Every structure is written in C-alpha cells, then in structure tokens.
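What follows draws every value from the coordinates through simple rules; no lab data is involved. Keep in mind that what you see is a predicted model, and the values were worked out from it rather than measured. Cβ atoms come from the backbone with ideal geometry, glycine included; neighbour counts cover every protein chain shown.
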Amino acid sequence: MKKKSTSQSAFFNLRILTASVFCLLGIAVALFAQGNRTKQQAQTNRSAVAQDAPGTQTPDVVQMVGPVRTTTDVRHLPYIPNEGEIEHQPLMRHPRGHGAPPPAAPSSPYLQRLLKNIFRPTPTIPGPLLTFDGVNSAASQCGCLPPDTDGDVGPNHYVEGVNVVFKVFDKNGGTVAGPTTFNSLFAPLVGTPCSGQNAGDPFVFYDHQADKWIISDFAFPGFPGAGPFFQCIAVSETGDPTGTYVLYALQHEPAHTTWLGDYPKFAMWNDGGTQNAYFFTVNLFQGSPSVAFEGVRAYALDRASMIAGGPANAIGFTVPLAGVGDSYSFLAANFRTGDPPPTGRNEMVLAIDTPASGGVTLTQVHTRFFHVDFANPNNSTFGVGADHTPNAEITVDGFVDAFDNSFNTSLVPECLRRLFTRISAVPNRYGLVILIS
C-alpha cells in the first residue's frame, strides 16, 4: 500500500478550493448578468405597452332610446313582416373580385395545395352529438344571400339569428318559438328604424354569468343612403329566450349620421369590478353621397345596469382612418367560460391587417385596451391618443391573410386561435360561426 503524501493532499485541496471559488464567482457573475438582461427585457416589454391616463381622451356619451320593456313574450308577439326583400351590399375595406375562380394549370400552386388537402391525414375529430336544420331560406322571410347566420347555446336552448328573423330551439332541435322577425321584437322602439326597418347582420349570445340572452341587429331605411343607421339591442329579462325583453336603440355614429355601422360584433367582459360591460365594434361606411370606408367604432355598454333593466350608459370611440391603419373588423375578447378576467384587467380589442391584395405574410396582432368608467365617462380610454392607435403589438407566427379574391371573402387566420381559450369568430361575409377551443 502506497503511503499518502500529506503535503500533496493539502496542495490538491487548495487547488480544489480555489477552483470552486472561481466557479462560484463565475456563476454569480452570470446570474447577475442574466438578471440584468431579464430586468431590462421586462422593462422593454412593459414600455412597449402604452396606456393613456384617464381623462386624456374624449369619449362620446352616446344617447340611446331605451330601456323599453316588451309586455308580450316572444311566442305571442304580433307578426310584423319585413318591408320587402333586402339586397345586402357586401361592404369591404378593399374591394375584391367576384365570380368563379380561374382555372389552374396542372403545375400551379393551387393544384399543389389541392393535392395536399386530398392526401393529408384525416383529423380525429369526434362526430357531432346532434345535428338539425336551422332556419331555411323560405322561413327567413328574406331569401337574402348570405344568410348572416349567428347563434348561441344556453342551458336549455339554442337561439339562431339569420338576416331579419330569429328562432328558438330546444336542445333536441325542436322549435320552441319563431321564426320571429326583428321588426316584431323591436317594434316598441318607436321613432327609430328599429321599429319597422330592421335590415340584418344579427348577433345572438348567451351571458352565462347573468343567465340572460342578448339579441341584436341593425336597422336603417336603406343603403346606400343618408340613414339614420341604428343598432337594435334586446336583453332578456330571464334565462328564457322566449320570454320578455328590455330593448335599446343606439345610433351608430351620432356625429356622422350618414355613416353605417356594418358587421357588428359583441362581447362580454367582467373583471368582477368596474370593468364590467358589453362591448361591440362596427366598421363605419359612409352611405351618402358615396360609399366609402371611414374607420371603426367601438362601444361599451353598462352591463350591470342593463341586466337589471336600467339604461345602457353607452360610451363610444371612433377610430379614424389614421388610427386603423390597414386593418378593420376589430374583435373584442369575449369571456365565455373558465376563470373570469382578473380584477382591473381592461377589455382587449384585437385586429389584424387586411392587405389590399393577398399573399402578404403578417406577424402582428394589434391590441387596444378599452378602459371604461361608467361613473365618470370622461375617464374612459380606448387605445392611445386621439387616433386610438394600438396599445401594444402581439407578435405571432407568420400567417397569410387567407382571402379568396374570387368570392369576396376573408377567412379567420390561424393566429387568432392561439390568443383566446375560446373565440367566437366569423368570416367576413359568410355568416359561419366558428367555435374554437
């Protein structure tokens, strides 16, 4: 057995100790540098989110007709027909072509995409539990194309809206009430186009927190035309969609009475505190003397007041052309299920660019915060500055605006699927409801 050298062992231990000290110092320096980078990065991320202070913008306190209560439930409303067949003019930010798609050459990218779709693996999506026919063309009382289908599901009912009527089904697909014209539902809103001149773009959703149904469409004498242009809104008094409703009428843009609010989209947001509202957005189009895109308008309605049958206390902002950039059809985040938004969290309204031509790869989702203050409306803010530009940009994987120039439509991009737990989205003119989990 070889005898161990004491001096050699001490020298060896000293080297280990020295190396350990330098190693620890190196780790400390690395952690310090990483901490600084993380702190700087966090500061950079925070600085990228701009927020206007309360009282620095000028919201519109929108005058509305209502609340007006219906005295007859939906099943017994008197029938009020439409004035006549409605020819709905598709309104687009950028005009796009019509007609059949051109024939593709055998080696074209179109054929390659087609072959890829044919031979791709079959998705393992489970089949539907129940299917049944909704409102058909004859029952729609309009025969309009497209039907602008929209609807929502509650605990015991499905309510569908198409063009100028809505219908209530049970969960087995049986008819409970309707089809009922919007002219019948909104008849009590006398003095507005909602009483007799309802024109379509319906929206239906079920407020699961309040156990209420919200049904809406727009109304006007004709388009193109000088208006006036109104949004008609009904809030059920109970969780039964065949019961009675509280009605409201809101002019789309009081400062510009010849502007139509097209493509209305609603959302519900409730942080458990002051940020408790129904939000909706519309695309603004001048109806006279010529048709032209003018921007986007966003509204907040006092949800707590409305579900109690009180006034809507509407607050509105118009985003002008300088503020919308190359986007339109803003979509507000819609709380549908799961945990509610944290206290103090403002509503988020998202938009993507819509290029005049296809094939452009996009990576940004424009994000605006809508801070609402119904007690002091002048403290409400939307976006940044007088033009209400985005508060922040969300960078996502690149996507291409998937519109088909042959059919005047634009599909919802894949990127939005990643932003919400559940989103209710609608392609630009085809009325197809997509629920994504």
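Computed from the alpha carbon atoms alone, the convex hull of the stretch 165-277 holds 117 Å³ per residue. By its C-alpha gyration tensor, with a ≥ b ≥ c as the square roots of the eigenvalues, how is the stretch 201-351 shaped: rounded for a/c under 1.5, else prolate for a/b larger than b/c, else oblate? Oblate shape, in that a/c is at least 1.5 and b/c is the bigger or equal ratio. Of the peptides 161-173, 384-396, the ranking by mean beta-carbon count within 10 Å, highest at the top, reads 161-173, 384-396. The fewest-to-most ranking of 305, 327 by surrounding Cβ atoms within 10 Å reads 305, 327. Panel order for 347, 160, 237, by other beta carbons found within 10 Å of each beta carbon, from fewest to most: 237, 160, 347.
For the stretch 233-295, the alpha-carbon coordinates run over 43, 29, 18 Å along the three principal axes, in decreasing order. Around residue 282, under 10 Å between beta carbons, what's the net of Lys plus Arg minus Asp minus Glu among the other residues? Overall, the nearby charge balance is -1. Straight-line reach only, C-alpha to C-alpha below 12 angstrom: list the aspartates and glutamates that residue 167 could link to, leaving out same-chain residues fewer than 8 apart. Those aspartates and glutamates meeting the cut-off are 133, 150, 152.
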